[in-house]
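The values are calculated or read from the model by the stated rules, or taken from the named source; none is laboratory data. This one's a predicted model, so the numbers in the text were calculated from it and none came from an experiment. Using ideal geometry, Cβ is built from the backbone for each residue, glycine included, and neighbour counts are taken over all protein chains shown. These area figures cover heavy atoms from the full protein model, side chains too; ligands, DNA and RNA do not enter into them. Shrake-Rupley method; radii C 1.70, N 1.55, O 1.52, S 1.80 Å.
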Amino acid sequence: MLHRPEPLAGRRGPEPPLDGVPDPRGYFGGFGGRFVPETLMAPLEELTRAYEQARQDPAFWEELGQLQAHYAGRPTPLYRADRLSRHAGGARIYLKREDLAHTGAHKINNALGQALLARRMGKRRLIAETGAGQHGVATATVAARFGMACTVFMGAEDMERQHLNVVRMRMLGAEVRPVTIGSATLKEATDEAIRDWVATVADSHYVIGSAVGPHPYPVMVGDFQSVIGQESRRQILAAEGRLPDWVVACVGGGSNAIGIFRGFVRDDGVGLLGVEAGGRGEAPGQHAASLSRGRLGVLHGSKSLLLQDAEGQVAPTHSISAGLDYPGVGPEHAYLKAVGRARYVTVEDERALEAFGLLARLEGILPAMESAHAIAAAVELAGRLPADAIVLVNLSGRGDKDVEHVARHLEGGRGAWTAPS
Amino acid sequence: MDGPFVTWAHTEGGRRLAAAFDRAREQGRAALVGYWMGGYPDAEASEAALLALARGGCDVLEVGLPFSDPVADGPVLQQAGAVALQAGAGFRRVLDVATVVQAAVPETPVVVMGYYNLFLQMELGTVAAELARRGLAGVIVPDLPVEEAGEMRAALAAHELAWVSLAAPTSGERLALLAEAGDGFIYAISHAGVTGVRQGVAPGARELVEGLRRHTGLPVALGFGVSGPQQAAAYRFADGVVVGSAFVLRWMEAPTRRDALREVEGLARALHEALVGR
């Protein structure tokens, strides 16, 4: 079933996430803040002021709404996944189809918003980091759309895992800079993007791709992604006449989850379930479950839950999904967990792979490996709920980018494959 | 504001740092602050390198704490930090290095420079007590802006340790705040960017130093990008210069450890001489 209400164009900006959070310094309870080199402090203050002005300017949201409707393809549909629901054997499962947004993931929501803001601020170049490549593609896309230069930092390991998105970014005119140090994944790409930004802050805007980073990024990214929750709420009310029992989303940095959670966070009867990458197991270095197994720390500009060793060195991570392979998490999630408003679980690589296959065969949808984590948890949850319960899952992106990677796993990892330069 | 710097310092550690700048000024030169990555390439060699910096004429020593995600550092210090971590340079191990060095050159104040997460993982009061017990002068935390530093500054002050603030060419109206919060000396970042060797003189550097002097009588040392004696001489308008990556790069390029130590000491000496004539 497809449900498609009228476009968002002309609507007002997002509601604040929750009463009293974040505070003016960007703290969600004990999480958030600004931990950056001094060079970035005044530019972050400028960005905060610019965003506050934009936030209160109906013209900003009008333009963003037009772009969302006519360029990005919003609203995305809400789809009742009957065959998947039957397989789960319990609740009705609905999928919020962010995979059908332009560029194939929710990342376009944030990239459009930040690019509009960057243009208001007179910036001519966009910097981005990317793990799975979806945020890089979204940023390269909006840079092309607005005639801006674009540099995307990506771990060399991720460039191999997500070769298709590297090609897409280059076709869109972006420069993709490989990062070879450390684990050569999202963490290092973020380090490198921050380094570039420190040196180019006068004319570059750093489009952070998730609800992480120094204030105002977590709240700003959450605001731009909250369109997912606003739409889902209206759509499920129209389809079922009531709110869902559970809302499920995968969490790496956490932007798609914050986006859909924001639509329901004030509804106490709606359970919020975040799904982290359980990787190969609970041992350090084998997963990317910062909410489940991390401890308070500071990385990439904010204080949040962080995977780290006893002395504070950031721990290596692993996930089959490049987009979840990150040792930190957005402060809003850490807060939702601390106050008990959201619950967080882990799904291991193998279960995510199974869920990928399940959705492909039962519904004809190839999910992003990130989203497959959410599907796995949602199927298990739905199976334990009665038939009249409703589980809403954010299908944050499509799986085209993961096809080769998944195929290699299914073939037992055989077959050498290298990315062309 | 031509009196002694030391009168502007808030703590014992701050006074030791400011006094080092006063001594340099009495000798008619800007002070030389030498940075070395603690534990690079291993603990013992990093002690030797720091002592070579002191022999070469550094007035203040900075010992870097290696961190997995050094977002304010350029490729040279990033690489040095990675090597140090590989060699097992944990927080305490590097503090041990700093302690040995401080005991060997008691007249040269030693500060530790490290990213905030490393300090946060111990209770801040415990860290401060430990640094004080080890005879160190203070800390520099490149990713802890003054707005977030309240708790750390209080912990340090309780143990008479200096919190050295950083100021950047982009700081603008924040300079007053940074100058007021700082202790010992103000670390002025010459270029918007990460640490590393650069050529030429940063265009906004003089303005930054003058801006800070309007708000404080603490010494102002320019760092980030100072590559050699010529550039150091061009920065004599500041009260001191900070050199780090250039030393580490000399070490990396030297064929043997003995050569490396000689190179590092030689560069320190050349920089020291270049700073005369302030």
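Points worth noting:
- Charge dipole (debye, nearest 20) of region B:122-211; +1 at Cβ of Lys and Arg, -1 at Cβ of Asp and Glu: 360 debye
- Which listed pairs, of A:LYS123/A:LYS187; A:LYS107/A:LYS187; A:LYS96/A:LYS401; A:LYS123/A:LYS337; A:LYS187/A:LYS401, have C-alpha distances above 27 Å, in listed order: A:LYS123/A:LYS337
- Taking amide H as placed 1.01 Å from N in the peptide plane, the amide H of B:ALA167 sits under 5 Å from that of B:TYR187, B:ALA188, B:ILE189, each at least 5 places away or on another chain.
- Centre separation in Å (Cα based) which lies between region A:265-313 and region B:112-145: 25 Å
- The protein assembly as shown - share of DSSP beta bridges that are antiparallel (%, nearest 5): 25 percent
- Rg/Rh ratio calculated on Cα atoms of region B:153-248 (Kirkwood radius): 0.98
- Phi-based couplings in Hz for region A:189-205 (Karplus 6.51, -1.76, 1.60; Gly and Pro marked x): 4, 5, 3, 5, 5, 5, 4, 4, 4, 4, 8, 10, 4, 5, 10, 10, 10
- Share, in percent, of DSSP beta bridges within region A:211-339 that are antiparallel, nearest 5: 55 percent
- Cα convex hull volume per residue for the protein assembly as shown (Å³): 143 Å³
- Threshold 20 Å² - residues in region B:117-152 whose accessible area is reduced by that much or more when the chain is no longer isolated, probe 1.4 Å: B:ASN117, B:LEU118, B:LEU120, B:GLN121, B:PRO142, B:ASP143, B:PRO145, B:GLU147, B:GLU148
- Within region A:122-211: Cβ-based charge dipole about Cα centre, in debye rounded to nearest 20 (Lys, Arg +1; Asp, Glu -1): 380 debye
- For chain B, size of Cβ-based charge dipole, Lys and Arg +1, Asp and Glu -1, in debye: 640 debye
- Note on B:ARG92 and A:ASP23: their simple-model spin labels are 3.4 nm apart, each label 7 Å out from Cα toward Cβ.
- The residues of region B:132-202 have, on average, 32 Å² of accessible surface per residue, using a 1.4 Å probe with all protein chains present.
- Under 5 Å, built H, 5+ apart or other chain: amide partners of B:VAL197: none
- In whole percents, the pair-distance distribution calculated for chain B from its alpha-carbon pairs, binned every 5 Å from zero, is 1, 7, 14, 19, 22, 19, 12, 5, 1, 0.
- Built amide H within the under 5 Å cut-off of A:CYS150, gap 5+: A:LEU126, A:GLU175
- Listed by chain and number, the aspartates and glutamates whose alpha-carbon sits under 12 Å from that of A:LYS303, ignoring those within fewer than 8 places in the same chain, are A:GLU332, B:ASP143, B:GLU148.
- For the pair B and A, total buried accessible area rounded to nearest 100 Å², probe 1.4 Å: 2700 Å²
- Around A:ASN110: net Lys/Arg minus Asp/Glu count, Cβ-Cβ under 12 Å: -1
- Under 15 Å, Cβ to Cβ, from A:GLY90 - net charge with Lys/Arg +1 and Asp/Glu -1: +1
- Remark: region A:379-389, residue by residue, has Karplus-estimated 3J(HN,Hα) of 5, 5, 4, 4, x, 9, 9, x, 5, 8, 7 Hz, where x stands for each Gly or Pro and the curve is 6.51 cos²θ - 1.76 cosθ + 1.60 at θ = phi - 60°.
- Chain B: calculated mean residue ellipticity at 222 nm from DSSP helix runs of at least 4, using -39500 (n - 2.57): -13500 deg cm²/dmol
- Within region B:81-116: backbone nitrogen closer than 15 Å to the A:ARG280 label point (7 Å, Cα to C-beta): none
- Rounded to the nearest 500, the 222 nm mean residue ellipticity of chain A from helices alone is -12500 deg cm²/dmol, with -39,500 (n - 2.57) taken per DSSP H run of at least 4 residues.
- The figure for A:ARG341 is an accessible area of roughly 40 square angstrom, using a 1.4 Å probe on the protein chains alone.
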